[in-house]
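Before any comments, here is the structure.
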Amino acid sequence: MRKWSVIGVVYVVALILLWVYTGQVGMENRGFIFAGYGLTWGALLWYAFRLESREQTTARAVDSFAVAGD
Amino acid sequence: MGPKSVTEKLLGILALGAMLVGSYIGLAVVPADAAQGNVQRLMYVHVPAAWLAFLAFFVVFVMSVLYLIQRDERWDNVAAASAEIGVVFTVVTLLLGMMWGKPTWGVFWTWDPRLTTTAILLAIYVGYGALRSFADDAEKRARWSAIVGVIGFANVPIVYMSVTWWRTLHQPPSSPRSVAPDILWTLMLNLAAFTLVYAYLMVRRIRLAKLEGELEKRMAYNA
C-alpha cells in the first residue's frame, strides 16, 4: 500500500500544479476544468486502488481457507 | 493473489502514459474552442468516459448472452467485471457533464432526455450490482444477472439516440467532418487512452472475480 501513498501524494501535487497552471494562463471557468480533470483522475485512481485492496483481502481469505483445510 | 504478468504491467504503464499525454494535450496544447472557450476542454474526458461506459455495457450484453447459451462462469465473471467498470465510467460521465453544464447551460442538472436516460442507465447497472450481491447461489446469480444484462442494454441505444429523438439541451452527436482536426485527434487520443484504462481495469477486475469465486467455493466446502 506504500505505492498508493506515493500515488496519492503525486495526485495532490498534480492537482496543485493544474490549479497554478490554469491560473497563470488565465483560463476562464478554471474551477470547472480543474474539478473535471481532478475528478476523472481521482475516480480512476480510486477504483484501481479499491481493486488492488479487494484483491489482497480476498486472496488472504482464500489462503486462510487453504490453511484451515490442510 | 495471482501474479501480475508482464503484459498486464505493460498495459498498466501504457494506459497511465496515454492518459497523461491525453490530459496534457487536452489541457495545454490544443487551442480553446472558438465558441465555448476553455470549458470545452472537458469534452476530452467527458466523451471518452461516456463511450467507454457504452462499450462496458455492450460487453456485459455480449457476455450475458454467451452465459445464457453456454452456462460458463467465465462469461459471468467478464460481465460482472465490465458492469462494475461501466458504472464507474457512467458516474464520471454524469459528473463531468454537470461540470460542463453549469458554465454552458447555467445549471448543474436538468431533466433533459440525455441526462435523464443516462441517470436511468446508471440506476440499471447499480441495480445489476445489487442483484449480484443479494443472490447467494452462484448459478442463480449468474442467470439472473445475465437476464438483467441483456434487458438493461436496451437503454444504451436510447441514451445515444435521445439527442436525436427528443428536443434537448445536450448537443447532437458530432461527426468527424463537423469537428476541427485539432479537436478530433485530441479526442481520439483520449478515447484510445480511456480504452487502455478500461482494458487494464478489466484484467484486474476479472482476476478479482475469479478469486471471489474460489473463495465462495472454499467457504461452501468448509461449511
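Read-outs: derived from the displayed coordinates by stated rules, not from any lab. Since the structure is predicted, the reported quantities are computational estimates derived from the model, not experimental observations. Methodologically, a virtual Cβ is constructed for each residue, glycine included, from the backbone with ideal geometry; neighbour enumeration extends over all protein chains shown.
Within a 10 angstrom radius of each residue's Cβ in A:26-34, how many Cβ atoms of other chains show up on average? Whole number is fine.
Taking the mean over all residues of the peptide, I get 6.
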Item to check | Global size of chain A as Cα Rg and Dmax, reported in angstrom | outcome: 18.8, 66
Checklist outcome for this item: Extension length gain for residue B:174 and residue B:35 (0.36 nm per residue less Cα distance), in nm, is 48.5 nm
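On average, how many beta carbons from a partner chain sit within 10 Å of the beta carbon of a residue in B:14-22? Provide the component values of the computation, followed by the final result.
Numbers: counts 0, 2, 4, 0, 0, 3, 2, 0, 0.
Mean partner shielding for this stretch: 1.
I'd like the FRET efficiency for residue B:58 and residue B:9, computed as 1/(1 + (r/R0)^6) with the beta carbon distance as r and R0 of 25 Å, rounded to 0.05.
Values: r = 27 Å, r/R0 = 1.08.
The formula returns an efficiency of 0.40 here.
Equivalent ellipsoid semi-axes for the protein assembly as shown, as square roots of 5 times the alpha carbon gyration tensor eigenvalues: give them largest first, rounded to whole Å. Please list the in-between numbers first.
Numbers: eigenvalues 258, 118, 46 Å².
Listed largest to smallest, the semi-axes of the protein assembly as shown are 36, 24, 15 Å.
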Item to check | Theoretical gain in end-to-end length, residue B:167 to residue B:119 [0.36 nm per residue, Cα-Cα removed] | outcome: 15.5 nm
Checklist entry - On a 0 to 90 degree scale, rounded to 10, what angle separates helix A:2-24 from the longest Cα axis of chain A? => result 10
Checklist entry - So which residue, out of B:14, B:122, B:191, gets the largest mean-square fluctuation from a GNM of chain B using Cα contacts under 10 Å as springs? => result B:14
Next on the checklist: Give me the dipole magnitude in Debye, nearest 20, for segment B:6-222 about the Cα centre, with unit charges on the beta carbon: positive for Lys and Arg, negative for Asp and Glu.
Outcome noted: 40
Checklist outcome for this item: Pseudo-spin-label distance residue B:138 to residue B:107, built 7 Å along Cα→Cβ, given in nm, is 4.8
Checklist entry - When B:7, B:117, B:93 are ordered from fewest to most other Cβ atoms inside 10 Å of their Cβ, what list results? => result B:7, B:117, B:93
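Only counting other Cβ atoms within 10 Å, I'd like B:4, B:210 sorted with the fewest neighbours first.
Working: B:4 13, B:210 16.
The order, fewest Cβ neighbours first, is B:4, B:210.
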Checklist outcome for this item: Once phi for every residue in segment B:153-159 is put through the Karplus expression 6.51 cos²θ - 1.76 cosθ + 1.60 (θ = phi - 60°), the whole-Hz ³J(HN,Hα) values, with Gly and Pro written as x, are 5, 4, 6, 4, x, 5, 4
Checklist entry - With no solvent and one point on each alpha carbon, what is the Debye value of log10 I(q)/I(0) for segment B:133-181 at q = 0.15, 0.19 Å⁻¹? => result -0.62, -0.73
Checklist outcome for this item: Measuring from the longest principal axis of the C-alpha atoms of chain B, the long axis of helix B:73-105 (C-alpha) lies at a number of degrees, nearest 10, equal to 20
Checklist entry - Rg and Dmax of chain B, using alpha carbons, in Å: what are they? => result 19.3, 66
Next on the checklist: Show me the trypsin sites (Lys or Arg not before Pro) within segment B:132-184 that DSSP assigns to loop and that have at most 15 other Cβ atoms within 10 Å of their Cβ.
Outcome noted: B:167
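Give me A:33, B:120 ranked fewest to most by other Cβ atoms within 10 Å of their Cβ, as a rough exposure proxy.
Numbers: A:33 24, B:120 13.
In increasing order of surrounding Cβ atoms, one gets B:120, A:33.
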Checklist outcome for this item: With Cα springs under 10 Å, the Gaussian network model of chain B assigns the largest mean-square fluctuation among B:136, B:112, B:76 to B:136
